[in-house]
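A short worksheet on the structure shown next.
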Amino acid sequence: MKCIFFLLLTTSISAFGQITGTVKSINGEQIPYANLVLLQANDSTIIDGSSSDEFGFFVINSSAPGQFILKITSIGYVDHYTEVILVNASNSKIVLGDIILVVDSNLLNEVSVSAKKLLIKNTPTGKTINIQSSLMTKGSNALQVLERLPGVISDRRNNQFSLNGQSGVTILFNGRKMQMSMEELMSLLENTVADNIEKIELITSPTAQYDADGGAGIINIVFKNNESMGTKINFSGTAGYGFKEKGAINFGISRGFKNLNFNASYAFLHDHARSGYEGYGTAGSSFILGAIENSFYGFTSRKQNNHNFNLLIWPICSA
């Protein structure tokens, strides 16, 4: 009896709250293998990740009480964010019901599909996503494509990927491991045009051919053989205003030869931010002196300029 009680107690601690629902299209069709990420509401910290099953149903857990936002993404649909979800002792089982995703009309206006392979194919080692059978590559980079795949979560803050909740994922290009840091690899993916990708293999049960790589899983990006040749340029930029100005630019150029690929990228980030505190209050009052009012604050202004340049040259091995 003591052993049974201990097991039940351990289960209740590991999953404080549970959120369930079903992902559907605007036509009421169930959307299988949608990607779900549970975020802390105040700072967007990743709490947990999951994906819907073949019927669009999902279960995602929270290990502690708090306020959360659920992000749902799927190939060919606009990213969806829920309202803030409160998880506490009296509200630990939350049923969201049907979550409706809207088709990305910008992608539909740019492409016409006459024939295609199955988008997601189950294999003995995991899943194969035929990227060219979807609309997700139009105007996207490789990192954006990865973030929409079932079970894949990218943590840009800590420069890492997880696959089905397991961190420490290995990224391969055409079956070859890139000898670079995860920060450099993320920058490279962000500057790689998604149109060049033929398929992506999500390998959760690596075979002996991968040696000791990918203990938590492997993501193998397979590029088109014929599309790797020639010159391609990718540029993106963002600008905004918080306390002060913020902006980022990314520029990438790739050149493919018969037996060699060349890729160079440059990224610049400018962030003028402020942090600190501010308060106001009253202390004591009398008929003669009146109320004593106090205001207090302390702020720190910070300017951050990051320059990141990457150069990658790798051979193309023919079968």
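The values are calculated or read from the model by the stated rules, or taken from the named source; none is laboratory data. The structure presented is a predicted model; accordingly, all values stated were derived computationally and were not measured. Quick reminder, even Gly has a Cβ in these numbers, built from the backbone with ideal geometry, and neighbours come from all protein chains shown.
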For residues that are in contact with an Asp or Glu (Cβ under 8 Å, 6 or more places away or on another chain) and on the phi > 0 side of the Ramachandran plot, scanning just region 125-155, find the one that is modelled with the highest pLDDT. Gly126
Which numbered condition in (1) at pLDDT below 80; (2) under 26 Å from Arg255 (Cα atoms); (3) out of contact with any Phe, Trp or Tyr (no Cβ under 9 Å at 6 or more places or on another chain) is the only one that Ser228 fails? (3)
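Table: residues versus (1) without any contact (Cβ under 8 Å) to a residue 12 or more places away in the chain; (2) out of contact with any Lys or Arg (no Cβ under 8 Å at 6 or more places or on another chain); (3) crowded, with 20+ Cβ neighbours inside 10 Å.
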position: Ala142; (1), (2), (3): no, yes, yes
position: Asp155; (1), (2), (3): no, yes, no
position: Phe161; (1), (2), (3): no, yes, yes
position: Asn164; (1), (2), (3): no, yes, no
position: Ser167; (1), (2), (3): no, yes, no
position: Thr170; (1), (2), (3): no, no, yes
position: Arg176; (1), (2), (3): no, yes, no
position: Gln179; (1), (2), (3): yes, yes, no
position: Asn191; (1), (2), (3): no, yes, yes
Could you tell me how many of the residues in region 59-99 are over 15 Å from Ala41 (Cα atoms), among the β-branched types (Val, Ile, Thr) and in a loop (DSSP other than H, G, I, E, B)? 2
Name the residues in region 32-58 that are more than 11 Å from Ile72 (Cα to Cα) and assigned to a loop (DSSP other than H, G, I, E, B), would you? Pro32, Ala41, Asn42, Asp43, Ser44, Thr45, Asp53, Glu54, Phe55, Gly56
Could you run through region 1-19 and say how many residues are at pLDDT 80 or above and more than 18 Å from Thr73 (Cβ to Cβ)? 2
Of the criteria (1) within 26 Å of the chain's Cα centre (by Cα); (2) modelled with pLDDT of 75 or more, which one Arg302 fails: (1)
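How about region 236-261: which of its residues are farther than 15 Å from Lys224 by Cα, surrounded by fewer than 15 Cβ atoms within 10 Å (Cβ to Cβ) and either touching a strand residue (DSSP E or B) at 6+ places or on another chain (Cβ under 7 Å) or assigned by TED's automatic domain parsing to the domain that holds Phe223 (or both)? Before you say what the answer is, go through the steps one by one.
Step one: list which residues in region 236-261 are farther than 15 Å from Lys224 by Cα, which gives 236-253.
Filter once more, so that each one left must be surrounded by fewer than 15 Cβ atoms within 10 Å (Cβ to Cβ): 236-245, 247, 249.
Within region 236-261, Ser236, Gly237, Thr238, Ala239, Gly240, Gly242, Phe243, Lys244, Glu245, Gly247, Ile249 qualify.
Would it be correct to say that Gly240 is in a strand (DSSP E or B) and without any contact (Cβ under 8 Å) to a residue 12 or more places away in the chain?
It is true that Gly240 is in a strand (DSSP E or B) and without any contact (Cβ under 8 Å) to a residue 12 or more places away in the chain.
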